[in-house]
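Taking it in order: structure first as structure tokens, then the write-up.
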Amino acid sequence: GGSSVGGGRSGALSPSLVTGEVQRIDVNPPKGTRDFPPEDMRLRNWLFHHFREVSRLFGFEEVDYPVLESEALFIRKAGEEIRDQLYCFEDRGNRRVALRPELTPSLARLVIQKGKSLSLPLKWFAIGQCWRYERMTRGRRREHYQWNMDILGVPEVTDISGSILIAEAELMASIVAFFKRIGITESDVGFKVSSRKVLQEVLRCYSVPENLFGKVCIIIDKMEKIPIDEIKRELNATGLSEEAIEELLQVLSIKSLTKLEEILGGAGEAIADLKQLFSLAEKFGYSEWIQFDASVVRGLAYYTGIVFEGFDRDGKLRAICGGGRYDRLLSTFGGDDVPACGFGFGDAVVIELLKEKGLLPELSLEVDNIVCALDHDLQGVAATVATKLRDKGLSVDLVLENKPLKWVFKRAARIKAQRLILVGNTEWQKGMVVVKVLSSGEQYEIKLDELE
Ligand SMILES: OCc1cccc(Br)n1
């Protein structure tokens, strides 16, 4: 149904007839951005519905922040890619602003702003559009939506048996719950888990100053993405000795906790933390989903402890999600430090994964009723019928023009209407309307007040 777009309307003179040729605008969205026409919007809403449901099940509250932030929020000097690709500009008030590339700094800003009025621990989630300005050399997207979950105020309580990493374990449990809801299992994806304390302990052996820590992490995060010689060169440039670099790269290739213990010794916090986390994973029932992998550092400078990332076991896709502990972020903004951990989960890779696995849901427009007046002078009655049904919570597609029945049936099929309600003179004389159940073809007349 529906007339073909862009022409065929009588009466209005198109501009070109009046003022000469009108240059057609570029109808595509800006480079690197997407429209969400109905079919894509249904898939996005389906995905976000599962993000929200899991957040609800875990007792998290939804928050949001402006997509536009002060540029200063994202200026970190650790050489992060997210900094190089900041979508920043000067506004009409000569302020340096940026489209947020991530949500965590906004969370930190709001927590500092709210200060003592917040009771800890707090568990917040957000689903927000994030931006980057990447030279379109690689034709990649410049925006995506990210689901974030953060727990603030739960420290890595270090008791006799090492830190209780229940907050990190809880966050991974929420991601596992999400994957299960959409049909993804541990045979499809896993989590690589490590701690930045592994790096810290190695760097301390070589008395590398703390302020280099973030930079070294960012360089190491580029492993697999740039050649190892480039990694070594960049590490060298930060002042690390050849020996320190060799030891670092050797430790980063470790994939078992036992091996790590042999190298680092059992005294350090890294080992205790990771052992704790793996035993908590057992309690949550997702041991099969996680594995230790010392090479995971994540590409954000502010992580200080456990870090993790979701990966597809076929190795075809980029990281699906990632997160970790960031106990010092608030103090870098001049706030009091609040222990924190969280993750980000983008809306793009997970859809590629679902396509790979044949798990994309079939989503279509479903309408309960299509209501149609058979005569033009019954259009008002049709509106009354539609309102009655809508007040009962039943959706109605009200036919808005005088269309032949053939057209109405075609549209009813396209919008998957359950019932066709016809308002005709003969029946209306008796206060009745005709109901046609489209699946069965069953047809009957009914008084308007009995319609439900
Ligand atoms: O995950 C990096 C990132 C940040 C902002 C926008 C896009 Br697309 N990607």
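Rule-based calculations on the coordinates, nothing more; no lab input. What you see is a predicted model, and the numbers here were worked out from it, not measured in a lab. As a convention, Cβ positions derive from the backbone with ideal geometry for all residues, glycine included, and neighbour counts pool all protein chains shown.
Some observations on this one:
- Contour excess over end-to-end distance, with Cα ends at GLN85 and ASP377 and 0.36 nm allotted per residue: 99.1 nm
- As a proxy for reagent exposure, ranking VAL154, VAL433 by other Cβ atoms within 10 Å from fewest up yields VAL154, VAL433.
- Sorted by Cβ density within 10 Å, fewest first, the residues CYS88, CYS372, CYS217: CYS88, CYS217, CYS372
- Computed from phi, the 3J(HN,Hα) profile of the range 337-343 under the Karplus parametrisation 6.51, -1.76, 1.60 (θ = phi - 60°) reads 5, 10, x, 8, 8, x, 9 Hz, with x in place of Gly and Pro.
- Simple spin-label estimate for ASN94 and GLN23 in nanometres, 7 Å along Cα-Cβ: 3.3 nm
- ARG181-LYS403 FRET efficiency (beta carbon distance; Förster radius 51 Å; 0.05 resolution): 0.80
- In order along the range 361-371, phi translates into HN-Hα couplings of x, 8, 10, 9, 5, 10, 10, 5, 9, 10, 10 Hz, rounded to whole numbers, per the Karplus curve 6.51 cos²θ - 1.76 cosθ + 1.60 with θ = phi - 60° and x for Gly and Pro.
- Which of ARG96, ARG390, ARG142 has the fewest Cβ neighbours within 10 Å, and the rest in rising order: ARG96, ARG390, ARG142
- Take every pair of alpha-carbon atoms less than 8 Å apart whose residues are at least six positions apart; their mean separation over the length of the range 138-248 yields a relative contact order of 17 percent.
- Annotation: peptides 272-285, 232-245, ranked by per-residue average of other Cβ atoms within 10 Å with the highest first, follow the order 272-285, 232-245.
- For the range 333-441, relative contact order (Cα pairs under 8 Å, six or more residues apart, normalised by length) works out to 27 percent.
- Computed lengthening from LYS447 to GLU356, 0.36 nm per intervening residue step minus Cα-Cα distance: 27.6 nm
- Helix-only mean residue ellipticity at 222 nm for the chain, each DSSP H run of n ≥ 4 adding -39500 (n - 2.57), per residue, nearest 500: -10500 deg cm²/dmol
- Taking all Cα pairs closer than 8 Å and separated by 6 or more residues, the relative contact order of the chain comes to 15 percent.
- Along the axis of the charge dipole computed for the range 101-213 (Cβ charges of +1 for Lys and Arg, -1 for Asp and Glu, origin at the Cα centre), the listed residues VAL111, LEU199, SER187 are led at the positive end by VAL111.
- If R0 is 25 Å, the Cβ-Cβ spacing of SER207 and GLU230 corresponds to a FRET efficiency of close to 0.50.
- For the range 411-424, backbone phi angles converted through the Karplus equation (6.51, -1.76, 1.60; θ = phi - 60°) give residue-by-residue couplings of 5, 4, 5, 5, 8, 6, 5, 6, 9, 10, 10, 9, 9, x Hz, Gly and Pro being listed as x.
- Positive end of the dipole of the range 302-356 (Cβ unit charges, origin at the Cα centre): among ALA348, TYR302, TYR326, the Cα lying farthest that way belongs to ALA348.
- Nearest 10 degrees, 0 to 90: helix 104-114 Cα axis against the chain principal axis: 90 degrees
- log₁₀ of I(q)/I(0) at q = 0.06, 0.09, 0.10 Å⁻¹ - the chain, Debye sum with one point per alpha carbon: -0.40, -0.74, -0.85
- Estimated FRET transfer efficiency when R0 is 51 angstrom, pair LYS283-LEU438 (beta carbons, to 0.05): 0.50
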